[in-house]
Amino acid sequence: MSMKTSTRQVDGVTIVDCSGRITLGEGSVILRDAVRELLSKGQKKILLNLGEVTYIDSSGIGELVSAFTTVRNQGGELKLLNLTKKVHDLLQITKLYTVFDVRDDEASAVKAFN
Amino acid sequence: MTELRVSYTLDSTLETVDSAEQTASRIAAESGFDEDVVMQISMAVREAAVNAVLHGNAYDPEKKVKLEFERTGSDLVITIRDQGKGLDLAKIPDPLAPENLLKTSGRGIFLIRSFMDEVQIVPSQTGTAIKLVKHVHGSSGNVKEASQ
């Protein structure tokens, strides 16, 4: 299953619902383009919902890091929502779990944006 | 457990990466590993294939990636060989070092080592071979050989 994204707005926060695989190639590019497009429109409060992401490789992890730093460098915030066990475990062993602001409840995640 | 030896010679493309991952997943599942371990093995093979295609062979259409699976009574052994200039192990950074945490690449070898029981990386001037071992339990049986 290839990577797909759709966006919605909740109280000034852009929620990006991601599904499929974030891997080297198309999956990583789709995520990168989605974040860049939001930033170009001035939408800098971004909540990545990874609940339907079935697989992520090191390239996908790198893309999450890139999205995080790109948004932060432009004065925005990027948080992660609804990690699957696989993604959660990957972020744990790569020590990135504490780098990202990871949430498991959408409403509280939205409220957590400044 | 039925013993198995199978090898594939693959082009230096992204399709090879997906194919290697899928083949590893199938063979690992057939070897009786549980779902989580199958995912670990397939991801390790994917990362090794990425290294071979991108960093080893640099997408060169003249260079191939050789993928070998050997299942014995006690181990699943997977070897991925490329025809690149040879990986410089000294140049692989520690992705867990604070200064590297926010780098966007450099986690492949780390993930491979995290997921497999044994990892041997043998670089040479004619390419890099990476051998991945996962220990299994079971009895040996017939040996199948195949090549593509």
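Only one entry of A:LEU38, A:LEU64 meets the criterion of being of a type outside the set (Asp, Glu) and either within 11 Å of another protein chain (Cβ to nearest Cβ) or in contact with a Cys (Cβ under 7 Å, 6 or more places away or on another chain) (or both), and that entry is A:LEU64. Being within 14 Å of another protein chain (Cβ to nearest Cβ) and more than 24 Å from B:GLN22 (Cα to Cα) is a condition met by at least one residue of the range A:81-95. When B:LYS91, B:LYS64, B:LYS134 are checked against the criterion of being charged (D, E, K, R) and without any contact (Cβ under 8 Å) to a residue 40 or more places away in the chain, B:LYS91 stands alone in meeting it.
Of all the residues in the range B:58-103, those that are in a loop (DSSP other than H, G, I, E, B) and either modelled with pLDDT of 95 or more or not β-branched (Val, Ile, Thr) (or both) number 23.
Rundown of residues vs (1) out of contact with any Lys or Arg (no Cβ under 8 Å at 6 or more places or on another chain); (2) part of a helix (DSSP H, G or I); (3) modelled with pLDDT under 95; (4) more than 10 Å from every other protein chain (Cβ to nearest Cβ), yes/no style:
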{"residue": "B:THR9", "(1), (2), (3), (4)": "no, no, no, yes"}
{"residue": "B:THR16", "(1), (2), (3), (4)": "yes, yes, no, yes"}
{"residue": "B:ARG26", "(1), (2), (3), (4)": "yes, yes, no, yes"}
{"residue": "B:ARG46", "(1), (2), (3), (4)": "yes, yes, no, no"}
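Conditions tested, residue by residue: (1) touching a Lys or Arg at 6+ places or on another chain (Cβ under 6 Å); (2) within 19 Å of A:THR14 (Cβ to Cβ).
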{"site": "A:GLY76", "(1), (2)": "yes, yes"}
{"site": "A:LEU81", "(1), (2)": "yes, yes"}
{"site": "A:HIS88", "(1), (2)": "no, no"}
{"site": "A:LEU91", "(1), (2)": "no, no"}
{"site": "A:LYS95", "(1), (2)": "no, no"}
{"site": "A:VAL99", "(1), (2)": "no, no"}
{"site": "A:VAL102", "(1), (2)": "no, yes"}
{"site": "A:ALA107", "(1), (2)": "no, yes"}
{"site": "A:LYS111", "(1), (2)": "no, yes"}
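Restricting A:VAL29, A:VAL71 to those that are at pLDDT 95 or above and within 14 Å of chain B (Cβ to nearest Cβ) reduces the list to A:VAL71. Among residues belonging to the range A:5-24 that are outside any strand (DSSP E or B) and free of Cβ contacts under 8 Å to residues at least 40 places away in the same chain, point out the one that is nearest to A:ASN82 (Cα to Cα). Applying the filter and picking the extreme gives A:THR23.
The values are calculated or read from the model by the stated rules, or taken from the named source; none is laboratory data. Computed from a predicted model, the values in this text were never measured in an experiment. Don't worry about glycine lacking a Cβ; one is built from the backbone with ideal geometry, like all the others, and counts go over all protein chains shown.
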